[in-house]
Amino acid sequence: MSPAEWGLLLAILAHSAAVVTAAVKLIAWIVKKQAVTDERIRQLQSQVDNDVTGRRVVGEMREDIAVIKSQIADIRNDVQTLNQKVSVP
């Protein structure tokens with residue numbers, strides 16, 4: 001092989017190495033972007049889950065508070081009835 005052919009072969013090998021390096025860097029960048037996007041989606045999903053859970057808890061609390069209020073009203077009525085019976089001797 002002549003020196004020109006050796007030079008051409010070395011240039012082709014160097015160019016191939018540069019293309020492989022660029023491809024590896026591009027793939028690493030894509031993987032990193034995908035990982036960041038997946039993490040953002042996971043965080044948003046967690047926030048939505050927390051919001052839904054919070055709304056469900058608040059809904060349950062409203063029902064519980066309504067029951068407690070009705071029980072308090074019943075207890076007041078019972079106490080008033082007892083007071084009337086005690087004071088009517």
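The values are calculated or read from the model by the stated rules, or taken from the named source; none is laboratory data. As the structure is a computational prediction, the values presented were derived from the model and not from experiment. Cβ coordinates were reconstructed from backbone atoms using ideal geometry, including for glycine residues, and neighbour counts include every protein chain displayed.
Can Ala73 be described as under 36 Å from the mean Cα position of the chain (by Cα), surrounded by 10 or more Cβ atoms within 10 Å (Cβ to Cβ) and at pLDDT 90 or above? Answer is no for this residue. The sole residue among Ala28, Ala11, Ala18, Ala22 that is surrounded by 10 or more Cβ atoms within 10 Å (Cβ to Cβ), over 42 Å from the mean Cα position of the chain (by Cα) and either of a type in the set (Val, Ile, Thr) or modelled with pLDDT of 95 or more (or both) is Ala11.
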